[in-house]
Structure formats: structure tokens, C-alpha cells
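For reference, the structure discussed in these notes is given below.
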Amino acid sequence: MSAELKASRRDSTLILTLSNPGALNALHPDMYAAAVETLTTAERDTSIRAVILTGADNFFCAGGNLNRLLENRSKDPGVQVATLDGLASWVNALRDCPKPVIAAVDGAAAGAGFSLALACDFIVAGSSAKFIMSYGRIGLTPDGGGSWFLTRSLPRQLATELLMEGKPILGARLNELGIVNRVVPDGTALDAALAWAEELARLSPNAVERIKTLIREAQTNPLEQQLEAEKDSFIACQRHADGKEGITAFLEKRKPQYK
């Protein structure tokens, strides 16, 4: 069987499953285009309230296929450029998706698999799940935004250790460091992510999308610009139907019903 990205639905949640039997769900360029197309479609589907990225057979992802990388050495460099551009498009699609995206990690997330998990809004990990930036150990450097995400989430010295040494770090430790949101018993990461997605589905889709945008913009905006962005977003939400429903429900002491 070949590598593929499987898409399925559970109520209002879209589940994207990395599948590459016999290769620990190693990535393949075919997955990249499929992921971008699926996420783009999900953006327009109002019945989808959350997205989960997980791996088949209780293992998240081993990263890139090293045999394919060796083969690419004999090909035109443009082949590898196209592959990395495809991965970057997937990472951007995860970041830009207006729906909350949860990574459900059991087993391990290595290399670009770790980068994809970092690109998600939330990470749920099994208690013994490992996260590995193993590039330096095989003479390579990170891709998929791994260096960008970690240097914005951790002190420089710790980010350097993870990126340069490439030693595994447990999800429990990343939870302590604020990167992994929740640690659950092994084999239950997907179920926990689905339960969380159901909670998120009850929030205002408009507010969720705007909050995600504000978080992304805050990475680069100076304070004054961010204050302006918050003001514009607040007023837009206040005038949106979700804002009316949320405020009214709170005053009436009932649960809001967002459409």
C-alpha cells in the first residue's frame, strides 16, 4: 500500500489520517497536495467546526522517507525544491485554516511529522509519545517550519538542543514546557482530540476564526498595530450574529446556539 492522507468525518470534525503502512506513516509529496486541497475545501464547509491531524496504527509520523531523499540526490535539485514547497504549503494551510486544528499524537512525531504537529493549534499526546527533530543526526537541517515554531515556543538554548542534538523528548516534558496541551493514556490521543473538538464545535465559528487570525498576526505585529487589529475584530464580532447570540445567551443564562 502507498502513502496517503485519509479524510473522514466524525460529526462536525474532519479527521485527516497520515497513512503509510510499513513505513511508520512516513510522508510523501502526494500527501501534501491532498492535504492542502482538503483543508481548502474544509474552509468553505460550514458544517466542519474542527480538524484533527493524526496517524494510522497508533503512530503519528516518522517524517520524510529517507530512501526517497537518497534517490532525490541523483535528480535535478528542482525536484527537492518542489517537495519542500509542497510541505510548506501544507504547513501554511494548517496555520491559515479558519477552523481549530488538533494534532493527536501517539507513538512518535519525528522530523517533518513533528513540524506538522507544531503547525496545529493544539497538540494532544499519548503519555509515552516522543517528539524528535532528528535532522542533525543524519546531516540535515529542519524543514516544515520546525525551527520557526520551536524558537518561538522555547528558550533559545532549549530550542537549540532539540534542533541540533536531535534527541527524543517526551510529550509529558513538552506539556510542562507549554507546547503539548494535553497528555492522555497511550492509544487514546485521537479519542481525546475528538472530545475536545466537540467542545470547540460549540464555540462561535466567527470568533474562533478571528482569534486564530489575531494569534497569527501577533507573531509579527508591534503592540500598537495589534491593538488596532483587536479593536477592528472586536467590533466586527460585536455586530456579527454570533456576537448577538453569545451575549444574549449569557444574559439569559443559557447555552448559546451558534449556526
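Read-outs throughout are calculated quantities, based only on the coordinates presented, and are distinct from any laboratory measurement. None of these values were measured; they are calculated from a predicted model. Neighbour counts run over all protein chains shown; Cβ positions are idealised from the backbone, glycine included.
Some points to look at:
- Whole-number percent relative contact order across the stretch 109-259, with pairs defined as alpha carbons under 8 Å at least 6 apart: 22 percent
- For the chain, built as a Gaussian network whose Cα springs stay under 10 Å, the top-fluctuating residue of LYS130, LYS99, LYS75: LYS75
- In the chain, taking the dipole from charged Cβ atoms about the Cα centre, the farthest positive-side position among PRO29, ALA192, ILE123 is held by ALA192.
- Cα-based reach from LYS253 at 24 Å (exclusive), listing lysines while leaving out same-chain residues under 8 positions away: LYS244
- Axial C-alpha extent at least 27 Å, average Kyte-Doolittle at least -1.0 - helices from the chain (DSSP): 77-96
- Contact order, relative form, for the chain: 16 percent (alpha carbon pairs under 8 Å, 6 or more residues apart, mean separation divided by residue count).
- Candidate lysines - alpha carbon under 22 Å from LYS6, same-chain residues fewer than 8 apart omitted: LYS99
- Taken about its Cα centre, the stretch 4-201 carries a charge dipole of about 360 debye when Lys and Arg each add +1 at the Cβ and Asp and Glu each add -1 at the Cβ.
- Formal net charge of residues neighbouring TYR32 (Cβ-Cβ distance under 14 Å; K, R +1; D, E -1): -4
- Relative contact order [Cα under 8 Å, 6+ residues apart], the stretch 22-153, whole percent: 27 percent
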